[in-house]
Amino acid sequence: MNVFPEGFRHLPGYLDEAAQTALLDDIRAIVAQAPLYTPAMPRTGKEMSVRMTNCGTLGWVTDKERGYRYQDTHPVTGKPWPPIPASLLDLWRSVADFPDDPEACLVNFYDARAKMGLHQDRDEQVFDAPVVSVSLGDACLFRVGGTKRSDPTTSFRLESGDVVVLGGSSRLAFHGVDRIYPGTSPLLKNGGRINLTLRRVTT
Ligand code: SIN
Ligand code: FE2
């Protein structure tokens with residue numbers, strides 16, 4: 001039995017196959033306008049294994065020189081991010097229990113070897129809205145802990161169509177992706193995992 005922090009919700013199979021396929025089409029259209037790029041860590045410039053893009057009025061980016069931040073344009077094309085699709089706004093309105101819509105949707109693409117180290121989402125100006133995240137494609141091993149890096153963590157699988165809500169005291173919980181399980185979903189024909197993270201950034 002997993003023990004989750006207060007305010008943390010895992011909604012397995014929230015999106016059925018038809019909804020996953022429709023959402024994937026929306027994401028393809030976003031990536032066509034705002035291509036996936038390889039972000040780099042602050043200071044060291046070490047490249048992340050996850051490729052990223054965004055939709056929304058603000059997008060989360062990172063590079064060697066300027067570090068983690070939100071900005072309203074794609075760092076490579078210089079163009080504004082495409083809007084958040086209606087399907088994701090509907091999802092947010094159903095699960096976030098928050099009066100305002102999200103401003104940012106980070107699109108993460110994991111190939112078979114990609115992972116994401118334990119971190120907190122704390123580049124936003126306010127933390128009263130939850131972080132809502134959707135998984136598509138291959139399963140992953142997700143890890144969540146407490147608000148201190150040294151707190152104990154719980155690991156479990158996220159499958160295509162699962163939704164996770166980091167709300168309440170879990171809004172600032174450490175979390176990460178330890179590994180991808182290749183070949184566990186037929187959704188993406190070349191494999192891999194897409195994670196969509198919806199966030200409110202400003203007040
Ligand atoms: C993230 O924390 O940005 C990604 C989480 C995930 O891929 O499930
Ligand atoms: Fe995160």
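Where a number appears in this text, it was derived from the coordinates with a stated rule and is not lab data. Since the model is a prediction, treat every value here as computed from it, not as a measurement. Using ideal geometry, Cβ is built from the backbone for each residue, glycine included, and neighbour counts are taken over all protein chains shown.
A few comments on the model shown:
- Counting neighbouring beta carbons within 10 Å and listing from fewest to most, the residues Arg93, Arg193 come out as Arg93, Arg193.
- Take every Cα pair under 8 Å whose residues are at least 6 apart in sequence, average their separation, divide by the length of the chain, and the relative contact order is 28 percent.
- Projected onto their three principal axes, the Cα atoms of the range 42-148 cover extents of 38, 34, 30 Å, largest first.
- Stretching the chain fully between Asp111 and Ser94 yields a gain of 3.2 nm (0.36 nm per residue, less the alpha carbon separation).
- Here the residues Lys79, Lys189, ranked from fewest to most Cβ neighbours within 10 Å of their Cβ, fall in the order Lys189, Lys79.
- Annotation for Leu188 and Gln33: the two label points, set 7 Å from Cα along the Cα-Cβ direction, are 2.1 nm apart.
- Cα-derived Rg to Rh of the range 109-159, Kirkwood definition: 0.97
- Taking all C-alpha pairs of the chain, those more than 20 Å from each other amount to 54 percent.
- Ellipticity estimate at 222 nm from DSSP helix runs (n ≥ 4, -39,500 (n - 2.57)) divided over the chain, nearest 500: -4500 deg cm²/dmol
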